[in-house]
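Below you'll find the structure, written out as structure tokens, and then a few comments.
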Amino acid sequence: NAGVTQTPKFQVLKTGQSMTLQCAQDMNHEYMSWYRQDPGMGLRLIHYSVGAGITDQGEVPNGYNVSRSTTEDFPLRLLSAAPSQTSVYFCASGPYGPTGELFFGEGSRLTVL
Amino acid sequence: AQSVTQPDIHITVSEGASLELRCNYSYGATPYLFWYVQSPGQGLQLLLKYFSGDTLVQGIKGFEAEFKRSQSSFNLRKPSVHWSDAAEYFCAVALYSGGGADGLTFGKGTHLIIQP
């Protein structure tokens, strides 16, 4: 089992560019989520989904879009990147939502110049 | 709103010594509480969780945590640390904005350094 796979692992963008961070899981989890990790800030919830076709906002959703067309995939889109979005992004999934164990990807490090 | 405080940013412990990492939470009801560990360059892995029942919870890798409602604490302990325990440790509480839980609210993390 691959678990939770994130691509790319590293990306450098210029301000105003758009990109998509990919997240795929092969564990048939209904719940998926995106977090960003900044130095000294811990992880903060961006968006989450409780199943295909259902998404909702977390604590810091501004500047990010998500969609969930399949159970396996939960991409995170940056429509117009800003330097404040420089961060490490983690995708996590779980069979019982956030009150159960979450399985995290290895992260995607994004730098916006 | 829920919040988590980890008062120690860095902790240095000698190999073989005991360890305690502190975590305090703010939440009105009984929370779902978690400890996750992050090794360098890796994602997070669940060590243990608590919601109800026995207030002393056993986890993986020899870790345990004790829930103390009166102190709003959920401290992580290990009787004897190994060099492989060097990592970042995060305490977390389930985050609710309305009905069910949305995600987790994490503390800022404690960086554990193991001295030989």
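Computed from label points 7 Å out along Cα-Cβ, the spacing between B:Lys61 and B:Ser18 is 2.0 nm. How large is log10 of I(q)/I(0) for chain B at q = 0.12, 0.15 Å⁻¹ when the intensity is taken from the Debye formula with one equal scatterer per alpha-carbon? Results for chain B at q = 0.12, 0.15 Å⁻¹ read -0.40, -0.62. Along the Cα-to-Cβ line of B:Ile11, 7 Å from the Cα, sits a label point; which residues in region B:82-115 have backbone N less than 17 Å from it? The answer is B:82-93, B:107-115.
Considering Cα pairs under 8 angstrom that are at least six residues apart, work out the relative contact order of chain A and quote it in whole percent.
36
In region B:23-66, the residues whose accessible area drops by at least 30 square angstrom when the other protein chains are added to the isolated chain are B:Tyr36, B:Gln38, B:Gln42, B:Gly43, B:Leu44, B:Leu46; the probe is 1.4 Å and only protein heavy atoms count.
Counting Lys and Arg as +1 and Asp and Glu as -1, what is the net charge of the other residues whose Cβ lies under 13 Å from the Cβ of B:Ile113?
Working: positive: none; negative: B:Asp8, B:Glu15, B:Asp85, B:Glu88.
Its environment carries a net charge of -4.
Each residue of region A:33-46 is assigned a 3J(HN,Hα), and the resulting list reads 8, 10, 10, 10, 10, 10, x, x, 10, x, 9, 10, 6, 9 Hz, derived from the Karplus form 6.51 cos²θ - 1.76 cosθ + 1.60 (θ = phi - 60°), x at Gly and Pro.
Pairs to check: B:Lys68/B:Lys108; A:Lys9/B:Lys61; A:Lys9/B:Lys78. Give those whose C-alpha atoms are more than 22 Å from each other in this structure. Walk me through the numbers on the way to the answer.
On the way: B:Lys68/B:Lys108 20 Å; A:Lys9/B:Lys61 28 Å; A:Lys9/B:Lys78 33 Å.
A:Lys9/B:Lys61; A:Lys9/B:Lys78, as the Cα separations exceed 22 Å there.
The label point for A:Asp73 and the one for A:Met19, both projected 7 Å from the Cα toward the Cβ, are 1.9 nm apart. For the protein assembly as shown, the calculated P(r) over all alpha carbon pairs, in 5 Å bins from 0 to the bin holding the longest distance, is 1, 7, 15, 18, 19, 16, 12, 7, 3, 1, 0 percent. Taking amide H as placed 1.01 Å from N in the peptide plane, A:Tyr31 has its amide H under 5 Å from the amide H of A:Gly94, A:Gly97, each at least 5 places away in sequence or on another chain.
Mind checking the per residue accessible area of the protein assembly as shown for me, 1.4 Å probe, whole number of Å²? Per residue, the protein assembly as shown has 46 Å² of solvent-accessible surface. In chain A, taking the dipole from charged Cβ atoms about the Cα centre, the farthest positive-side position among A:Leu110, A:Met41, A:Met27 is held by A:Leu110. In sequence order, region A:94-100 has phi-based couplings of x, x, 10, x, x, 7, x Hz under the Karplus curve 6.51 cos²θ - 1.76 cosθ + 1.60, θ = phi - 60°, and Gly or Pro positions carry x. Computed with the Debye formula from one identical point scatterer per Cα of chain A, without solvent, the log10 of I(q)/I(0) at q = 0.15, 0.22 Å⁻¹ comes to -0.57, -1.23. Across chain B, the relative contact order, built from alpha-carbon pairs under 8 Å that are at least six residues apart, equals 36 percent.
The values are calculated or read from the model by the stated rules, or taken from the named source; none is laboratory data. Bear in mind the structure is a predicted one, so any value in this text is a computation, not a measurement. Cβ atoms come from the backbone with ideal geometry, glycine included; neighbour counts cover every protein chain shown. The protein model used for the area step is the full one, side chains on, heavy atoms only, and it has no ligands, DNA or RNA in it. Shrake-Rupley method; radii C 1.70, N 1.55, O 1.52, S 1.80 Å.
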